[in-house]
Amino acid sequence: MSKLNLSLKIGKTKIATATGNSGHTTSTVRGEGKEDFPFPSIDVLVEKSVKRAAKKAKTRKPRQKKAETTGKTEGVSSLLPDLSNLKINQVVPTGQTRETYTDGQVMLKGADGLQELMIKRQFDALYEARFGEMHAAVNWARANMADKYQKAIDSLDKQLTKLEDSYRQALPQVIDELKKQNPGAPINAVVQKAIEVLDEELSQIIYILKVYTDCFQQLRDGKHTSLLNAVTFFFEQSHKLYWGGDLHVDGGTSPVDAGTERIGDVFLGRVTEMGLATIPGSRGPVGAHAVQIPYEMLDFIPINLPLFGHEARHNVFHDVVGLEQELTAAVGKAVLAAHKAGTLKFNTDTIKLGKQEVPTEQLMAKLYTDWLSEIDADLVGGVLFDGPAFGENMVMSFPAMMIRDGRVSEKVNLLRTGSGYELKKLRNGSVALVFEEHPVDYVRVHIVAAALDEIGFPDSARKLRELADFAVGDELPTKITFRQMGAKPGAGMVIELPVDDVIAVAPVVAKAIIRTPLKAHGGKSCGDLVMWTKKRQDKVEALTDILVKDSSELPTDKGDIHAPYIGAAATLAYLKLVREMKMEPADAALMVSKNALAMLEKLSKQAVKTA
């Protein structure tokens, strides 16, 4: 096989494609951050759509040929007279021809005019079905959303107009080409096939634009408006808290130079059938961050707010210029430096990759930098914003989201110990190894525990490790297995890493993410900007006691209360009620979520009054 490239460089991800999530892992939908979506030219769009249709036609099974017919149709010809010699009556008045019959020509030309106008609009119902509601949502947003959203709304309107124009120009051409390739096919079938292949060619752009128009539509329609506003408020407060500004004043103070953030605190949300995810605004042209709220979590969103903190961090990670690249380099260097210094030791010096033997420290550096976006979101957006509650929520939520063939309590293996990788061919002929970006569940929980140790919560770290060991199964795993994604069963290289070696890297990476000074932060580390402390934990425990008592009153003697504290308290209150066994867990979740949401709404009103 070709030589593997273990470079720590960040690879680019194609626009608006959701990362794999294995059914229970939060995802980040990414784009390229360009001014416009990469709309293909009309000629290219038509060509690709026609090729797509031809490719599909080849995969279909040929239909059985109809029985050949003679001149007479059996069972019908005997019932009808012979019409072959029937004469047609004169169709124009006597003495006139079709060309000289003025009234007839006027009728024909009149019909031509109406036909011309009708043909121009023959697909308008389709266009309206595809784009009408999207335009309506944009128009509502322009009239009703705050000023900070207007730039994103203008960009969305521009992209939506381009999309519809492309569709309008391409569809008739695709239909004409398919008619040529399929003579005799019913016109309705040709039209439907043209729509199908054109939708597929533009699916990524249609999807991403609909995400944003759905956000505005749901705010407008009112069914989930209160919840969407609460989630948006949570994101806004997390953003301001991260930069160290006054949470009740727009902007606050920031350790970075003005303009370093591409988007800032422009957040939207929508309720969706997809898993918990976010679209960092800096990755696409629209210019707003969009969180995806799963329908299946609607009854207990406040309890899962610590996981939303993970999503909030994704937005910052991809938004601050240079942060992703700088932190990636810092993590890779930290792993290699710790091994060189002898503070990071492995049980094996090399790892087998196919026929090659790769130094363990290099492969571990590669693994953790490929995982970095998710680890950073766990540690900064989760641990530094929510403390121990994030880890306890994570280890509980993973199996809750993943298992659907029975109760979680009836299962044993609740955390994954395997994942995947890709081999991507590079221009120089080498093959780049790219690990799936979500850390393996069992290791992931241990990484969060390492971060809790790093910030001074050793008891919580120990408890989390114990929970990871309990949830992983009857036997502790000894290796983590990676298989090639997309390969046929039994094909592809299998990579096996010793669990102890993978976990040994966690403290090094946690410290690098939390403590490394970064130019993108004006010389400050992530831990300098936000840190979970005992004082914050005390506030959370006070909120927890209130929620357990079925109350939504905010304490007045604990200083400032921020949205992330309520999410952390909701998690701990729920677990406390489950431990006490005084009510059914699902009922406890509903009670806590109701009161925590009320707390968020009160906090939001306070913020408006003091702004």
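What to note about this one:
- When the residues of segment 374-421 are filtered to those that are β-branched (Val, Ile, Thr) and more than 20 Å from the chain's Cα centre (by Cα), the one that is farthest from Pro458 (Cα to Cα) is Ile403.
- Hits in segment 513-524 (condition: open to solvent by 40 Å² or more (accessible area, probe 1.4 Å) and either in contact with a Leu (Cβ under 9 Å, 6 or more places away or on another chain) or touching a residue at least 12 places away in the same chain (Cβ under 8 Å) (or both)): Arg515, Lys519, Gly522, Gly523, Lys524
- Every listed requirement among (1) within 25 Å of Ala461 (Cβ to Cβ); (2) in a helix (DSSP H, G or I) is met by Ala520 save one, (1).
- Selection from segment 371-407 of residues that are over 20 Å from Arg465 (Cβ atoms) and of a type in the set (Val, Ile, Thr): Val380, Ile403
- Close Cβ contacts (under 8 Å, 6 or more residues apart or on different chains) running from residues in segment 532-546 that are closer than 21 Å to Ala598 by Cβ and at pLDDT 95 or above to residues that are in a helix (DSSP H, G or I) and open to solvent by 20 Å² or more (accessible area, probe 1.4 Å) comprise Val540/Leu572; Glu541/Leu572; Thr544/Leu572; Thr544/Lys576.
- Residue check: Lys535 meets all listed conditions (1) under 26 Å from Thr260 (Cβ atoms); (2) assigned to a helix (DSSP H, G or I); (3) of a type outside the set (Val, Ile, Thr) but one, namely (1).
Per-residue answers, yes or no, for (1) of a type in the set (A, V, I, L, M, F, W, C); (2) in a helix (DSSP H, G or I):
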| site | (1), (2) |
| --- | --- |
| Glu541 | no, yes |
| Leu547 | yes, yes |
| Ser552 | no, no |
| Pro555 | no, no |
| Pro564 | no, yes |
| Leu572 | yes, yes |
| Val578 | yes, yes |
| Gln606 | no, yes |
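- Scanning segment 307-342 for residues that are of a type in the set (Val, Ile, Thr) and open to solvent by less than 30 Å² (accessible area, probe 1.4 Å) returns Val316, Val320, Thr328, Val331, Val335.
- Checking Val291 against (1) assigned to a helix (DSSP H, G or I); (2) open to solvent by less than 10 Å² (accessible area, probe 1.4 Å), the condition it does not meet: (1)
- Picking from residues in segment 349-393 that are acidic (Asp, Glu) and open to solvent by 10 Å² or more (accessible area, probe 1.4 Å), the one that is farthest from Val335 (Cα to Cα) is Glu392.
- Here Lys345 fulfils each of the conditions (1) in a helix (DSSP H, G or I); (2) among the charged types (D, E, K, R); (3) open to solvent by 20 Å² or more (accessible area, probe 1.4 Å) apart from (1).
- Tyr295 being among the aromatic types (Phe, Trp, Tyr) and under 17 Å from the mean Cα position of the chain (by Cα): yes
- Ala230 being among the small types (Gly, Ala, Ser), open to solvent by less than 20 Å² (accessible area, probe 1.4 Å), in a helix (DSSP H, G or I) and more than 22 Å from Ala152 (Cβ to Cβ): no
- Lone qualifier among Leu572, Leu597, Leu577, Leu554 - being open to solvent by less than 20 Å² (accessible area, probe 1.4 Å), under 19 Å from Ala389 (Cβ atoms) and touching a helix residue (DSSP H, G or I) at 6+ places or on another chain (Cβ under 9 Å): Leu577
- Sole exception among (1) at pLDDT below 95; (2) over 26 Å from Leu423 (Cα atoms) for Lys352, by number: (2)
- All conditions but one from (1) farther than 28 Å from Lys55 by Cβ; (2) free of Cβ contacts under 8 Å to residues at least 40 places away in the same chain apply to Gln217; the one that does not is (2).
- Only one of Gln325, Gln362 that is over 30 Å from Gln292 (Cβ atoms), in a helix (DSSP H, G or I) and out of contact with any Lys or Arg (no Cβ under 7 Å at 6 or more places or on another chain): Gln362
- Hey, Val408 free of Cβ contacts under 8 Å to residues at least 60 places away in the same chain, open to solvent by 20 Å² or more (accessible area, probe 1.4 Å) and of a type in the set (A, V, I, L, M, F, W, C) or not: yes
- Any pair with Cβ under 7 angstrom, 6 or more apart, that starts in segment 374-387 at a residue that is β-branched (Val, Ile, Thr) and ends at one that is outside any helix (DSSP H, G or I) and buried (at least 24 other Cβ atoms within 10 Å of the Cβ): Ile375/Pro439; Val383/Trp532
The values are calculated or read from the model by the stated rules, or taken from the named source; none is laboratory data. Bear in mind the structure is a predicted one, so any value in this text is a computation, not a measurement. Backbone-built Cβ (ideal geometry, glycine too); neighbour counts: all protein chains shown. Ligands, DNA and RNA are excluded from the accessible area calculation, which covers all protein heavy atoms including side chains. Shrake-Rupley method; radii C 1.70, N 1.55, O 1.52, S 1.80 Å.
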